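First up is the structure itself, then whatever we jot down about it.
The values are calculated or read from the model by the stated rules, or taken from the named source; none is laboratory data. Everything numeric here is computed off the predicted structure, so don't read it as measured data. Positions of Cβ are backbone-derived with ideal geometry, glycine not excepted, and every protein chain shown enters the neighbour counts. Side chains are part of the model used for accessible areas, which takes the heavy atoms of the whole protein and leaves out ligands, DNA and RNA. Shrake-Rupley method; radii C 1.70, N 1.55, O 1.52, S 1.80 Å.
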Amino acid sequence: MPQPAARDIAPAKGKLGVLLVGLGAVSTTFIAGVENVRRGRALPIGSLTQMATIRLGQRPEKRAPKIKDFAPLAALEDLVFAAWDPIPDDAYTAAKKAGVLEPHHLEPVADFLKSITPMPAAFDQHYVKRLHGTNVKRGKTKRELADQLREDIRAFKQRAGCDRLVMVWCASTEVFITPGPAHQSLAAFEQAMEQNDQAIAPSMLYAWAALMEGVPFANGAPNLTVDVPALEKLAEERHLPIGGKDFKTGQTMMKTVLSPAFKARMLGVAGWYSTNILGNRDGEVLDDPESFKTKEESKLGVLEYILQPEMYPELYGNVFHKVRINYYPPRGDNKEGWDNIDIFGWLGYPMQIKVDFLCRDSILAAPLVLDLALLFDLAHRAGLSGIQEWLSFYFKSPQVATGGGLYPEHDLFIQHTKLKNTLRWMMGEDQITHLGIEYYEKV
């Protein structure tokens with residue numbers, strides 16, 4: 001068979017500016033981690049782009065380079081950071097307050113972190129009721145605030161000497177919003193910004209500003225943001241990658257591992273009770289019922305899509321699925337995700353599985369931010385535009401193309417295969433199907 005053609009990918013020359021919305025626990029853990037890795041003080045554990053290999057060709061060929069050596073990704077040395085936050089603390093102060101990293105990871109990079117001060121945020125307490133900020137933009141209309149964000153993007157790019165930019169939303173979860181008339185077309189969206197319509201949340205202003213400035217946008221929270229028709233169309237028109245939403249870190253990551261196992265073995269699920277306790281800024285924000293509703297929708301959809309109850313009503317047609325998030329300040333960023341799973345097997349006999357995941361939320365999220373920044377930049381240079389479903393691996397509620405009956409793929413292992421096969425496709429390598437029949441069937 002002829003070798004498939006590689007995609008034309010622009011080289012990763014010059015600096016890549018990573019624009020972060022939010023300079024809290026996730027962003028500071030990400031920035032400090034990258035700087036520690038760059039100085040040879042730590043390993044980028046949890047990052048596929050830096051640590052994972054990718055098999056090429058047949059198993060006996062033993063070709064398995066690291067992804068970073070296979071695909072033309074930006075080098076860590078070329079990353080430059082900027083952020084917006086309603087709280088004026090620099091990255092060092094914010095990291096100290098977040099309490100995620102210990103002094104041996106913070107103090108050696110303190111000067112570097114202190115050099116990163118947040119730009120005033122486009123912030124409105126209506127959307128995040130438990131946060132109070134003084135470092136905020138002023139403007140008569142949301143359109144004015146969005147235009148100020150565009151100015152920030154241009155100024156940073158020039159100031160830092162960046163060749164390219166990506167933007168990743170790492171800020172708090174906004175209140176629950178359903179898509180409406182303001183989100184259907186770019187004209188309606190921009191008119192709604194002018195009229196200060198409550199349907200236009202701050203996260204949408206960042207997404208619009210990014211796309212207008214030619215910057216790919218990834219949404220790490222469950223907010224309705226770039227997943228509206230107006231912004232999806234804008235991304236397509238401007239040939240920009242977009243995607244989201246909600247970083248897949250602790251409890252939901254475990255759900256996307258365990259539920260495919262139950263389905264693969266045709267084991268039934270009667271109920272799945274999930275509760276979380278956490279005490280960081282995220283926990284405080286999610287203590288507000290309207291913000292929790294946004295997160296709950298993101299977490300609840302996983303099982304339904306993986307288990308497909310309409311196809312297997314006897315096994316999954318009556319699953320009782322409950323999710324709870326409890327704000328508990330003493331725990332800080334060290335979240336505990338506890339799951340009770342009631343399953344049933346042969347002849348309907350019940351069994352139980354208990355999972356107690358004592359995880360570190362920002363430690364799990366930081367490598368996802370790195371991978372998304374590098375892979376969204378790669379997608380842009382490869383001429384991929386619109387929704388990047390191949391990066392569903394990183395999200396709780398993956399965006400997919402609308403229409404045609406397409407639904408999101410939540411199974412972590414299918415997502416993983418899709419990600420690697422897309423990289424193979426980009427680089428002109430054969431897809432790996434794991435068929436392997438050629439080893440056993442005489443030609």
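Observations on the structure shown:
- Number of residues in region 72-106 that are open to solvent by 30 Å² or more (accessible area, probe 1.4 Å) and in contact with a strand residue (DSSP E or B) (Cβ under 8 Å, 6 or more places away or on another chain): the value is 2.
- In region 411-443, residue nearest to Ala366 (Cα to Cα) [restricted to those that are open to solvent by less than 60 Å² (accessible area, probe 1.4 Å) and among the polar types (S, T, N, Q)]: Gln415
- Residues (open to solvent by 50 Å² or more (accessible area, probe 1.4 Å), in contact (Cβ under 8 Å) with a residue 40 or more places away in the chain and over 21 Å from Glu194 (Cβ atoms)) located in region 113-131: Lys129, Arg130
- Condition met for Ala42 (among the aliphatic types (A, V, I, L, M), within 26 Å of Ala155 (Cβ to Cβ) and either out of contact with any Leu (no Cβ under 8 Å at 6 or more places or on another chain) or open to solvent by less than 30 Å² (accessible area, probe 1.4 Å) (or both)): no
- Out of Gly33, Gly40, Gly57, sole residue that is of a type outside the set (Val, Ile, Thr) and under 23 Å from the mean Cα position of the chain (by Cα): Gly33
- Residue in region 4-17 that is in a strand (DSSP E or B) and aliphatic (A, V, I, L, M) present: yes
- Scan of region 101-142 for residues that are at pLDDT 95 or above, touching a helix residue (DSSP H, G or I) at 6+ places or on another chain (Cβ under 7 Å) and under 30 Å from Phe292 (Cβ atoms), ordered by number: Leu101, Met119, Ala122, Lys137, Gly139, Thr141, Lys142
- Positions within region 101-115 being within 21 Å of Asp361 (Cβ to Cβ) and part of a loop (DSSP other than H, G, I, E, B), in sequence order: Leu101, Glu102
- Restricting region 362-399 to residues that are open to solvent by 20 Å² or more (accessible area, probe 1.4 Å) and in contact with a helix residue (DSSP H, G or I) (Cβ under 8 Å, 6 or more places away or on another chain), the residue that is farthest from Leu240 (Cα to Cα): Ile363
- Boolean, Lys293 is in contact with a strand residue (DSSP E or B) (Cβ under 8 Å, 6 or more places away or on another chain), in a helix (DSSP H, G or I) and either at pLDDT below 95 or open to solvent by 50 Å² or more (accessible area, probe 1.4 Å) (or both): no
To keep it simple, each residue is scored yes or no on (1) under 25 Å from the mean Cα position of the chain (by Cα); (2) not charged (D, E, K, R).
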| position | (1), (2) |
| --- | --- |
| Leu106 | yes, yes |
| Thr117 | yes, yes |
| Arg130 | yes, no |
| Thr134 | no, yes |
| Gly139 | no, yes |
| Ala146 | yes, yes |
| Asp152 | yes, no |
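- For region 315-419, the strands (runs of 3 or more DSSP E) that sit wholly inside it and include 3 or more residues that are free of Cβ contacts under 8 Å to residues at least 60 places away in the same chain and over 30 Å from Ala230 (Cα atoms) are 320-327, 350-358.
- Qualifying positions in region 45-71 - in contact with a Leu (Cβ under 8 Å, 6 or more places away or on another chain), open to solvent by 70 Å² or more (accessible area, probe 1.4 Å) and not in a helix (DSSP H, G or I): Arg63
- For Asp287, the conditions (1) under 21 Å from the mean Cα position of the chain (by Cα); (2) open to solvent by 10 Å² or more (accessible area, probe 1.4 Å); (3) at pLDDT below 95 all hold with the exception of (1).
- Of all residues in region 5-17, none that is more than 30 Å from Ile116 (Cβ to Cβ) and free of Cβ contacts under 8 Å to residues at least 40 places away in the same chain has its Cβ atom under 8 Å from the Cβ atom of a residue that is open to solvent by less than 90 Å² (accessible area, probe 1.4 Å) and among the acidic types (Asp, Glu), 6 or more apart or on another chain.
- Some residue of region 335-345 being within 30 Å of Gly17 (Cα to Cα), modelled with pLDDT of 90 or more and open to solvent by 50 Å² or more (accessible area, probe 1.4 Å): no
- Qualifying residues in region 312-332 (those that are touching a helix residue (DSSP H, G or I) at 6+ places or on another chain (Cβ under 6 Å) and of a type in the set (Val, Ile, Thr)) - the one modelled with the lowest pLDDT: Ile325
- Candidates Arg281, Arg360: the one that is farther than 17 Å from Thr173 by Cα and not hydroxyl-bearing (Ser, Thr, Tyr) is Arg360.
- All positions within region 46-78 that are within 22 Å of Val166 (Cα to Cα) and touching a Pro at 6+ places or on another chain (Cβ under 9 Å): Gly46, Ser47, Leu48, Thr49, Gln50, Met51, Pro72, Leu76
- Among (1) surrounded by 15 or more Cβ atoms within 10 Å (Cβ to Cβ); (2) over 30 Å from Glu310 (Cβ atoms), the one test that Pro408 misses: (2)
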